Structure formats: C-alpha cells, structure tokens
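S.K.: The structure that follows is given in the form of structure tokens.
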Amino acid sequence: QVQLVESGGGLVQPGGSLRLSCVASGSIFSINSMGWYRQAPGKQRELVAHISTGGGAHYADSVKGRFTISRDNAKNTVYLQMNTPKPEDTAVYYCTADLNLVLNPTPNRYWGQGTQVTVSS
C-alpha cells in the first residue's frame, strides 16, 4: 500500500543542526499536505509543522524561527531542517502525509514509523 520512511534522526548537540527526511512510496495518486509531529516521553504527540502542496507552511510556536519544513513534490519527500535545537526538542519525530491512493478518491492520513531525535551535549 503506502509506506512513509523517515531518516536523519540521531544525537545532536544543542545549537547544532539536523535534517530529517521522509519519503512516501506506494500506490499514491496524489499527496496533499505533509507534516511532522513529535512525541516526547510522558507527553502527548504534538504537531511540529505542516506544509501544503503549494508550499504554505505552519509551525508550532515552540519551533518557529528554528525549524523549517519543506517538500519536494517530484520525490514525494518532506524535510524538517532543525537549527539550534534545544534539549526540549528531544522526541520521536513522525512524518505524515494526507494522500489519495490510486483508484481511491478518499484522502487518508498516513504515518511514518518515527525517528528518534536526542538533543544533548
């Protein structure tokens, strides 16, 4: 069916930078919005950023000015550039894609498996 595969997570020092990638593959007809969520231990999953097909982006207040979401529609890929991360950004990051499958006009949200990001010195 559909797979979303994240990459780029790992350990990063406060003030450093890290870029996450997520590729969607499978029987995809079209992708609408794409986004990133995160979940820290003991906390609820929260939206980090999402981006429309045309490139319009929305960010959580906690990451505005530090993180940048972008996408490559030709590659069905969404990115999250994380600059000057803080320890409180430590979480499992999940990508999402709201998409239509081939021969199915109903859009659904699909999730990646998650990638761990740890911000620590």
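The values are calculated or read from the model by the stated rules, or taken from the named source; none is laboratory data. Keep in mind that this is a model prediction, so the values were computed, not measured. Backbone-built Cβ (ideal geometry, glycine too); neighbour counts: all protein chains shown. The protein model used for the area step is the full one, side chains on, heavy atoms only, and it has no ligands, DNA or RNA in it. Shrake-Rupley method; radii C 1.70, N 1.55, O 1.52, S 1.80 Å.
S.K.: Counting just the residues of the stretch 109-121 that are open to solvent by less than 30 Å² (accessible area, probe 1.4 Å) and of a type in the set (Val, Ile, Thr), which one comes out nearest to the chain's Cα centre (by Cα)?
M.R.: Residue satisfying both the conditions and the ranking: Thr115.
S.K.: If you don't mind, another one. Take the stretch 66-102 and flag every residue that is without any contact (Cβ under 8 Å) to a residue 40 or more places away in the chain and of a type in the set (A, V, I, L, M, F, W, C).
M.R.: Of everything in the stretch 66-102, those that are without any contact (Cβ under 8 Å) to a residue 40 or more places away in the chain and of a type in the set (A, V, I, L, M, F, W, C) turn out to be Phe67, Ile69, Ala74.
S.K.: While we're looking at this one, here's another question. For the stretch 19-38, which positions are open to solvent by 30 Å² or more (accessible area, probe 1.4 Å) and either over 20 Å from Ala74 (Cα atoms) or touching a helix residue (DSSP H, G or I) at 6+ places or on another chain (Cβ under 6 Å) (or both)?
M.R.: Tyr37
S.K.: Among the residues of the stretch 1-29, write down those that are of a type in the set (S, T, N, Q), under 14 Å from the mean Cα position of the chain (by Cα) and farther than 15 Å from Thr96 by Cβ.
M.R.: Selection gives Ser7 alone.
S.K.: Another one. What is the one condition in (1) at pLDDT 95 or above; (2) surrounded by fewer than 17 Cβ atoms within 10 Å (Cβ to Cβ); (3) touching a strand residue (DSSP E or B) at 6+ places or on another chain (Cβ under 6 Å); (4) of a type outside the set (Ser, Thr, Tyr) that Val2 does not satisfy?
M.R.: (1)
S.K.: Here's a check for you: in the stretch 32-62, which residue that is out of contact with any Asp or Glu (no Cβ under 8 Å at 6 or more places or on another chain) and polar (S, T, N, Q) is farthest from Asp89 (Cα to Cα)?
M.R.: Per the stated criteria, the residue is Thr53.
S.K.: Out of (1) touching a Leu at 6+ places or on another chain (Cβ under 9 Å); (2) open to solvent by 70 Å² or more (accessible area, probe 1.4 Å), what's the single condition that is false for Thr106?
M.R.: Of the numbered conditions (1) touching a Leu at 6+ places or on another chain (Cβ under 9 Å); (2) open to solvent by 70 Å² or more (accessible area, probe 1.4 Å), the odd one out for Thr106 is (1).
S.K.: Just give me the residues in the stretch 67-99 being over 20 Å from Pro41 (Cβ atoms), open to solvent by less than 20 Å² (accessible area, probe 1.4 Å) and more than 12 Å from the chain's Cα centre (by Cα), in sequence order.
M.R.: Leu99
S.K.: Considering each residue of the stretch 39-66, count those that are open to solvent by 20 Å² or more (accessible area, probe 1.4 Å), in contact with a Phe, Trp or Tyr (Cβ under 6 Å, 6 or more places away or on another chain) and either among the β-branched types (Val, Ile, Thr) or under 15 Å from Pro87 (Cα atoms) (or both), and give that number.
M.R.: 0
S.K.: Collect the residues in the stretch 27-53 that are assigned to a strand (DSSP E or B), at pLDDT below 95 and of a type in the set (Gly, Ala, Ser), keeping them in residue-number order.
M.R.: Ser30
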